[in-house]
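*Asks:* I have a structure here, written as structure tokens, and I will follow up with some questions on it.
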Amino acid sequence: MDALLITILITVVLALAFDFINGFHDTANAIATSVSTRALTPRQAIVLASLMNFVGAMMFTGVAKTIADGIVDPFGMRNGLLVVIATLIAAIAWNLITWWFGIPSSSSHALIGSLAGAGIAAAGFGGINYGGFAKIVTGLIVSPILAFSLGFAIMFLFKRIFANFAPYKLNKGFRGGQVLSAAFQAFTHGTNDAQKAMGIITLALVFAGYQREVEVALWVKVAAALAMAAGTAMGGWKIIKTMGTKIFKIEPINGFSADLGSATVILTATLTHLPISTTHAITSSILGVGTAKRFAGVRWNVAGRIVSAWIITIPVSGMLGALVYGVIMLFR
């Protein structure tokens, strides 16, 4: 095999590894509330999330195209394949660090930050597509605000509608509803997050000259969907503990409200081709629900730690991407 083909194979393996890690890193986000309320056993939740992540990943490609041409120029970037490899190594490293410490940080932020950092290291600040990058960052900022607001609104409405219902019957009914909301949550997670690996692989294929257009090949969709589903099956129990128990005590009505709010925001972003952080959407929706339930009941110190991780992810992963690219160039 020639050097170009070997480089492409390395890139694809790294992209699928990122997708796999994204799966077990973010699985917790999709199923944390349903596990914490015992609507589903961990095994049931993982099987459901794996299946729905795969289905969601196979249905859309708009976000993948945004990743492929929205941050760097897919047709004019110097050392483009090395930029992609540096991006993936940096993003994987950040995901593993935050997973180890149980911090629900954003895989999306890590990937986008790493790609921007590696792109700047390769081509200077002129190598960034600022219009596309600004659009993506705007989506990343606005989506948690929308998810918080929607989670708050849904929970506020439910409190009024079901104020006179017996708690036991109410919890029993919403515990059943959580099976559906968890499936919806996992489906929307697949529609947005799996496409990021598809976009990176497509970008690499364009850089290598194997494709002349930013179109996601069928084998790329299937490979990314399978990697995401396999990672989902591994789970992420440290993050489940943070999301499902440490922010506030979640009951079935709260979990259903949080799932519905965040999944709606994620699906809307997918339909508008915006790569957002599913982690941010889900966590923000939980915070919104907790605020509507009882402001004082939210552990705001835990929420603050999560938000701090959000804020630092893009700049830190950007520096990691630039650093990894520099190291690769030293040994090139």
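*Asks:* Checking the condition of a type outside the set (Phe, Trp, Tyr), within 22 Å of Ala281 (Cα to Cα) and within 19 Å of the chain's Cα centre (by Cα), which residue from Leu48, Leu88, Leu40 passes? Give the derivation first.
*Replies:* Numbers: Leu88 fails: within 22 Å of Ala281 (Cα to Cα); Leu40 fails: within 19 Å of the chain's Cα centre (by Cα).
Among Leu48, Leu88, Leu40, only Leu48 is of a type outside the set (Phe, Trp, Tyr), within 22 Å of Ala281 (Cα to Cα) and within 19 Å of the chain's Cα centre (by Cα).
*Asks:* From the list Ala49, Ala64, Ala15, which one is in contact with a helix residue (DSSP H, G or I) (Cβ under 6 Å, 6 or more places away or on another chain), of a type outside the set (Ser, Thr, Tyr), crowded, with 22+ Cβ neighbours inside 10 Å and closer than 28 Å to Ile253 by Cβ? Outline the logic, then answer.
*Replies:* Numbers: Ala64 fails: closer than 28 Å to Ile253 by Cβ; Ala15 fails: closer than 28 Å to Ile253 by Cβ.
After applying the criteria, what remains is Ala49.
*Asks:* Just a yes or no: is a residue in region 65-80 under 15 Å from the mean Cα position of the chain (by Cα) and either within 19 Å of Ala186 (Cβ to Cβ) or among the acidic types (Asp, Glu) (or both)?
*Replies:* No: region 65-80 contains no residue that is under 15 Å from the mean Cα position of the chain (by Cα) and either within 19 Å of Ala186 (Cβ to Cβ) or among the acidic types (Asp, Glu) (or both).
*Asks:* Do we find a residue being over 14 Å from Ile312 (Cα atoms), part of a helix (DSSP H, G or I) and among the polar types (S, T, N, Q) anywhere in region 77-86?
*Replies:* Looking through region 77-86, none of the residues is over 14 Å from Ile312 (Cα atoms), part of a helix (DSSP H, G or I) and among the polar types (S, T, N, Q).
*Asks:* From Leu4, Leu14, Leu40, Leu9, which residue is in a helix (DSSP H, G or I), farther than 24 Å from Ala110 by Cβ and of a type outside the set (D, E, K, R)? Talk me through it step by step, then tell me what you get.
*Replies:* On the way: Leu14 fails: farther than 24 Å from Ala110 by Cβ; Leu40 fails: in a helix (DSSP H, G or I); Leu9 fails: farther than 24 Å from Ala110 by Cβ.
Within the list Leu4, Leu14, Leu40, Leu9, the selection yields Leu4.
*Asks:* Which pairs do you get when a residue that is closer than 21 Å to Ile253 by Cα and part of a loop (DSSP other than H, G, I, E, B), found in region 292-313, comes within reach of a residue that is charged (D, E, K, R) and modelled with pLDDT under 70, reach meaning Cβ atoms under 7 angstrom, with the pair 6+ apart or on two chains?
*Replies:* Qualifying pairs under 7 Å: Arg299/Lys246.
*Asks:* Ok, one more. Starting from region 2-14, keep only residues that are of a type in the set (D, E, K, R), then list their pairs with residues that are surrounded by 18 or more Cβ atoms within 10 Å (Cβ to Cβ) and at pLDDT 90 or above whose Cβ atoms are within a distance under 8 Å, requiring at least 6 positions of separation or different chains.
*Replies:* From region 2-14, no pairs qualify.
*Asks:* Show the residue pairs meeting these rules: Cβ distance below 9 Å; 6+ apart or different chains; first residue within region 212-224 and exposed (fewer than 15 other Cβ atoms within 10 Å of the Cβ); second residue among the aliphatic types (A, V, I, L, M) and in a loop (DSSP other than H, G, I, E, B).
*Replies:* Val222/Met58
*Asks:* Quick one: in region 91-139, of everything that is aliphatic (A, V, I, L, M) and outside any helix (DSSP H, G or I), which residue is farthest from His280 (Cα to Cα)? Don't jump to the end; show me each part of the working.
*Replies:* The initial filter retains those residues of region 91-139 that are aliphatic (A, V, I, L, M), namely 91-93, 96-97, 103, 110-112, 115-116, 118, 120-123, 128, 134, 136-137.
This time we only want the ones that are outside any helix (DSSP H, G or I), so: 103, 128.
Details: Ile103: 12, Ile128: 24 Å.
Only one residue fits best here, namely Ile128.
*Asks:* Run Ala322 past the list (1) among the small types (Gly, Ala, Ser); (2) at pLDDT 90 or above; (3) under 19 Å from the mean Cα position of the chain (by Cα) and report the number of the one that doesn't hold.
*Replies:* Every condition holds for Ala322 apart from (3).
*Asks:* Only one of (1) of a type in the set (D, E, K, R); (2) touching a Ser or Thr at 6+ places or on another chain (Cβ under 9 Å); (3) free of Cβ contacts under 8 Å to residues at least 24 places away in the same chain fails for Arg43. Which number is that?
*Replies:* Among (1) of a type in the set (D, E, K, R); (2) touching a Ser or Thr at 6+ places or on another chain (Cβ under 9 Å); (3) free of Cβ contacts under 8 Å to residues at least 24 places away in the same chain, the lone unmet condition for Arg43 is (2).
*Asks:* Of the residues Ala93, Ala153, Ala147, Ala123, which is closer than 28 Å to Val289 by Cβ, at pLDDT 90 or above and surrounded by fewer than 23 Cβ atoms within 10 Å (Cβ to Cβ)?
*Replies:* Values: Ala93 fails: closer than 28 Å to Val289 by Cβ; Ala147 fails: surrounded by fewer than 23 Cβ atoms within 10 Å (Cβ to Cβ); Ala123 fails: closer than 28 Å to Val289 by Cβ.
Being closer than 28 Å to Val289 by Cβ, at pLDDT 90 or above and surrounded by fewer than 23 Cβ atoms within 10 Å (Cβ to Cβ) holds for just one of Ala93, Ala153, Ala147, Ala123, which is Ala153.
*Asks:* Could we say that Ala204 is within 21 Å of Val72 (Cβ to Cβ) and in a helix (DSSP H, G or I) here? Show your work before the answer.
*Replies:* Working: within 21 Å of Val72 (Cβ to Cβ): yes; in a helix (DSSP H, G or I): yes.
Yes: the conditions hold for Ala204.
The values are calculated or read from the model by the stated rules, or taken from the named source; none is laboratory data. Quantities reported herein were computed from a predicted structural model and do not represent experimental measurements. Glycine gets a Cβ as well: all are built from the backbone with ideal geometry, and neighbour counts include every protein chain shown.
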